[in-house]
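Heads up: the structure comes next, in structure tokens.
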Amino acid sequence: TEPREHAGRIPGTLPCSTPPAGTGPPGQTPHLPSVADAVWTRRAVHLRYRRWRAPEEIERRVEPYGLVLKAGRWYLVANGPHGIRTYRVDQILELQSLEDRFTVPDDFDLAAHWKGHLEDFRARLHTGEALVRLTPEGARRIGVTPEGDGWTETRVPIESIDHAHGEFLRLGADVEVMAPAELRDRIAATTRTLATRYGV
């Protein structure tokens, strides 16, 4: 049975439809039944978890408030020593159910928390911005409303110089980066290298 079919059967579960930035194919979730049971029975768990930043593995006791299904991937929203956090269920390495019971606060809203989590994730992801000029086609490709039939000048959030360099190169001649200077220089250098390589 598909995970989405189970989503509506677990109290404290929020099914969603679109994936957050940066996610890949759904991973294996061997601990999902135990996590769902903990959400259902309101029992705390002790988990060992793999995350992307150091220390890469952590252990902590958490109180599972709810599950979110996003594009076939499960996320656990749980209260722990550092407040309410979100954990990818497929990154849980070990999980032990505890006898401790807990009560979810009356004012906790799973949908509102998840929305805030995504907004915070995007805010942390986009740490800068770039000033660019776009053709109507370039504007369309990145979701900007064109200003008439000519070039559109706008500011767009970027994750980093390295990431933006690759993303803007995908737009080819439909974009001109005006600032920051470091990004403009990087793209200009790449363009010169390509021109030389192709004998232009």
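Do you know which residues across region 153-170 are in contact with a His (Cβ under 8 Å, 6 or more places away or on another chain), in a strand (DSSP E or B) and open to solvent by 50 Å² or more (accessible area, probe 1.4 Å)?
Hit for region 153-170 is P157, nothing else.
I'd like to know if region 61-70 contains one or more residues that are among the small types (G, A, S), open to solvent by less than 40 Å² (accessible area, probe 1.4 Å) and within 15 Å of L47 (Cβ to Cβ).
no
Tell me, please, whether a residue that is in contact with a Lys or Arg (Cβ under 9 Å, 6 or more places away or on another chain), more than 30 Å from L76 (Cβ to Cβ), of a type in the set (K, R) and not assigned by the TED database to the domain that holds A38 can be found in region 176-185.
No: region 176-185 contains no residue that is in contact with a Lys or Arg (Cβ under 9 Å, 6 or more places away or on another chain), more than 30 Å from L76 (Cβ to Cβ), of a type in the set (K, R) and not assigned by the TED database to the domain that holds A38.
I need every pair where a residue in region 88-117 that is under 22 Å from T41 (Cβ atoms) and outside any strand (DSSP E or B) has its Cβ under 6 Å from the Cβ of a residue that is acidic (D, E) and open to solvent by less than 70 Å² (accessible area, probe 1.4 Å), sequence separation at least 6 or different chains.
F102/E63
Give me the residue from region 81-96 that is at pLDDT 95 or above and not aliphatic (A, V, I, L, M) and, out of that set, farthest from E119 (Cα to Cα).
Q96
Check region 101-117 and report whether any residue there is open to solvent by less than 30 Å² (accessible area, probe 1.4 Å), over 30 Å from E167 (Cβ atoms), modelled with pLDDT of 95 or more and not acidic (D, E).
Taking every residue of region 101-117 in turn, at least one turns out to be open to solvent by less than 30 Å² (accessible area, probe 1.4 Å), over 30 Å from E167 (Cβ atoms), modelled with pLDDT of 95 or more and not acidic (D, E).
Tell me which residues, restricted to region 43-57, are modelled with pLDDT of 95 or more, farther than 14 Å from E94 by Cβ and surrounded by fewer than 19 Cβ atoms within 10 Å (Cβ to Cβ).
Across region 43-57, the qualifying residue is only R43.
In region 81-92, is there at least one residue being over 13 Å from the mean Cα position of the chain (by Cα) and among the charged types (D, E, K, R)?
Yes: one or more hits.
For S97, indicate whether it is among the hydroxyl-bearing types (S, T, Y) and open to solvent by less than 60 Å² (accessible area, probe 1.4 Å).
The answer is no for S97.
May I ask you to list pairs of residues, at least six apart or on different chains, whose Cβ atoms are under 6 Å apart, with the first in region 186-200 being on the phi < 0 side of the Ramachandran plot and the second being surrounded by 11 or more Cβ atoms within 10 Å (Cβ to Cβ)?
R186/H165; I187/V177
Of the residues A189, A173, which is hydrophobic (A, V, I, L, M, F, W, C), out of contact with any strand residue (DSSP E or B) (no Cβ under 9 Å at 6 or more places or on another chain), open to solvent by less than 70 Å² (accessible area, probe 1.4 Å) and not in a loop (DSSP other than H, G, I, E, B)?
That would be A189, the only listed residue that is hydrophobic (A, V, I, L, M, F, W, C), out of contact with any strand residue (DSSP E or B) (no Cβ under 9 Å at 6 or more places or on another chain), open to solvent by less than 70 Å² (accessible area, probe 1.4 Å) and not in a loop (DSSP other than H, G, I, E, B).
Output the number of residues of region 118-144 satisfying the condition of being in contact with a Lys or Arg (Cβ under 7 Å, 6 or more places away or on another chain), modelled with pLDDT of 90 or more and open to solvent by 40 Å² or more (accessible area, probe 1.4 Å).
Here the count works out to 0.
The values are calculated or read from the model by the stated rules, or taken from the named source; none is laboratory data. This is a predicted model, so every value here is computed, not measured. Neighbour counts are summed over all protein chains in view; Cβ atoms, including those assigned to glycine, are modelled from backbone coordinates with ideal geometry. To get the accessible areas, we keep the full protein, side chains included, count just its heavy atoms, and leave off ligands, DNA and RNA. Shrake-Rupley method; radii C 1.70, N 1.55, O 1.52, S 1.80 Å.
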